[in-house]
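Peer 1: Quick one: structure below, then a few questions.
The values are calculated or read from the model by the stated rules, or taken from the named source; none is laboratory data. These numbers come from a predicted model, not from an experiment. Here the Cβ positions follow ideal geometry from the backbone for every residue, glycine too, while neighbour counts run over all protein chains shown.
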Amino acid sequence: MSFTLSSAASLLLVIDVQTRLMPAIAEAASLIAHTDRLIRVARMLDIAMVFTEQNPNKLGGTVPELAVSGAATFAKMTFDAGRTSGFEALVPRDRQIIVAGCEAHVCVLQTVLGLRAKGQQVFVVQDAIGSRQPASKLAALARMSQHGAELITTEMALFEWLGSAEHPHFREAVALIR
């Protein structure tokens, strides 16, 4: 187990950033912008990605701002994605799971707790998750941390993935956060 992220060992899990849900999420534009940065750098570094969509017939697909072509998209009705058949095959046990999405206190929380219960290493990107109410997000972050999820920021993830200012994608990745 490593306490820092490795691009070779990471999987970015984007939970339920959907068209009909986002208008109700506090600071949704910021969540989308941070998630977009994570996705762009994940693509640069060939990091695997999985997107979930909660009840997509009612909540719509992933927002168009987050291009998901080439990434696995997983439709679900359960709040904990791990309770839906087929999810475990998309999230290998030997991966560091980096989590973004919403809602922090429902699907993010339950999925993270399910992954932690199976012993997986989970990093929650706190500036890339959201809820309708800020208090719900704060409660979810506290609970996930209490159960062993690491709380990180978008910049922490990007710099840990890069590992060095000598990385070939350093300038390109840093341009996304400056």
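Peer 1: Residues to consider are V99, V112, V106; find the one that is part of a strand (DSSP E or B) and either of a type in the set (V, I, T) or out of contact with any Cys (no Cβ under 7 Å at 6 or more places or on another chain) (or both).
Peer 2: Selected residue: V99, the only one of V99, V112, V106 that is part of a strand (DSSP E or B) and either of a type in the set (V, I, T) or out of contact with any Cys (no Cβ under 7 Å at 6 or more places or on another chain) (or both).
Peer 1: Among the residues of the range 84-105, is there at least one that is farther than 26 Å from D46 by Cβ, buried (at least 20 other Cβ atoms within 10 Å of the Cβ), out of contact with any strand residue (DSSP E or B) (no Cβ under 8 Å at 6 or more places or on another chain) and not aliphatic (A, V, I, L, M)?
Peer 2: Yes, there is a match, as at least one residue in the range 84-105 is farther than 26 Å from D46 by Cβ, buried (at least 20 other Cβ atoms within 10 Å of the Cβ), out of contact with any strand residue (DSSP E or B) (no Cβ under 8 Å at 6 or more places or on another chain) and not aliphatic (A, V, I, L, M).
Peer 1: Give the residue, chosen from G130, G119, G86, that is under 13 Å from the mean Cα position of the chain (by Cα) and farther than 14 Å from L12 by Cβ. Break it down into steps so the answer makes sense when it comes.
Peer 2: Details: G119 fails: under 13 Å from the mean Cα position of the chain (by Cα); G86 fails: under 13 Å from the mean Cα position of the chain (by Cα).
Result: G130 is the single residue among G130, G119, G86 that is under 13 Å from the mean Cα position of the chain (by Cα) and farther than 14 Å from L12 by Cβ.
Peer 1: Only one residue in R132, R40 is basic (K, R) and either over 19 Å from A29 (Cα atoms) or in a helix (DSSP H, G or I) (or both), so which one is that?
Peer 2: Working: R132 fails: either over 19 Å from A29 (Cα atoms) or in a helix (DSSP H, G or I) (or both).
From the options R132, R40, the qualifying one is R40.
Peer 1: Consider the range 146-164. How many of its residues are assigned to a loop (DSSP other than H, G, I, E, B) and either among the polar types (S, T, N, Q) or touching a Gly at 6+ places or on another chain (Cβ under 9 Å) (or both)?
Peer 2: Here the count works out to 2.
Peer 1: Would you pick out the residues in the range 69-90 that are modelled with pLDDT under 95 and within 15 Å of L113 (Cα to Cα)?
Peer 2: Across the range 69-90, the qualifying residue is only E88.
Peer 1: Does L13 meet the test of being within 14 Å of the chain's Cα centre (by Cα) and of a type in the set (A, V, I, L, M)?
Peer 2: Answer is yes for this residue.
Peer 1: Which condition number does A48 fail, the rest of (1) of a type in the set (A, V, I, L, M, F, W, C); (2) within 21 Å of S145 (Cα to Cα); (3) surrounded by fewer than 17 Cβ atoms within 10 Å (Cβ to Cβ); (4) in contact with a helix residue (DSSP H, G or I) (Cβ under 9 Å, 6 or more places away or on another chain) being met?
Peer 2: (2)
Peer 1: Still on this model: Is one or more of the residues making up the range 73-86 under 22 Å from P23 (Cα atoms), in contact (Cβ under 8 Å) with a residue 60 or more places away in the chain and outside any helix (DSSP H, G or I)?
Peer 2: no
Peer 1: Which residues, taken from the range 1-24, are buried (at least 23 other Cβ atoms within 10 Å of the Cβ), β-branched (V, I, T) and either free of Cβ contacts under 8 Å to residues at least 60 places away in the same chain or not in a strand (DSSP E or B) (or both)?
Peer 2: Of everything in the range 1-24, just one residue is buried (at least 23 other Cβ atoms within 10 Å of the Cβ), β-branched (V, I, T) and either free of Cβ contacts under 8 Å to residues at least 60 places away in the same chain or not in a strand (DSSP E or B) (or both), namely V17.
Peer 1: Given the options A104, A139, A173, name the one that is over 14 Å from the mean Cα position of the chain (by Cα), more than 23 Å from S7 (Cα to Cα) and hydrophobic (A, V, I, L, M, F, W, C).
Peer 2: Sole residue among the options that is over 14 Å from the mean Cα position of the chain (by Cα), more than 23 Å from S7 (Cα to Cα) and hydrophobic (A, V, I, L, M, F, W, C): A139.
Peer 1: If a residue has to be of a type in the set (A, V, I, L, M, F, W, C) and surrounded by fewer than 18 Cβ atoms within 10 Å (Cβ to Cβ) to count, how many in the range 114-155 make the cut? First the steps, then the outcome.
Peer 2: The first filter runs over the range 114-155 and keeps only residues of a type in the set (A, V, I, L, M, F, W, C), leaving 115, 117, 122-125, 128-129, 135, 138-142, 144, 149, 151-152.
Imposing the further condition that a residue be surrounded by fewer than 18 Cβ atoms within 10 Å (Cβ to Cβ) reduces the set to 117, 135, 138-139, 142, 151.
Total meeting the criteria: 6.
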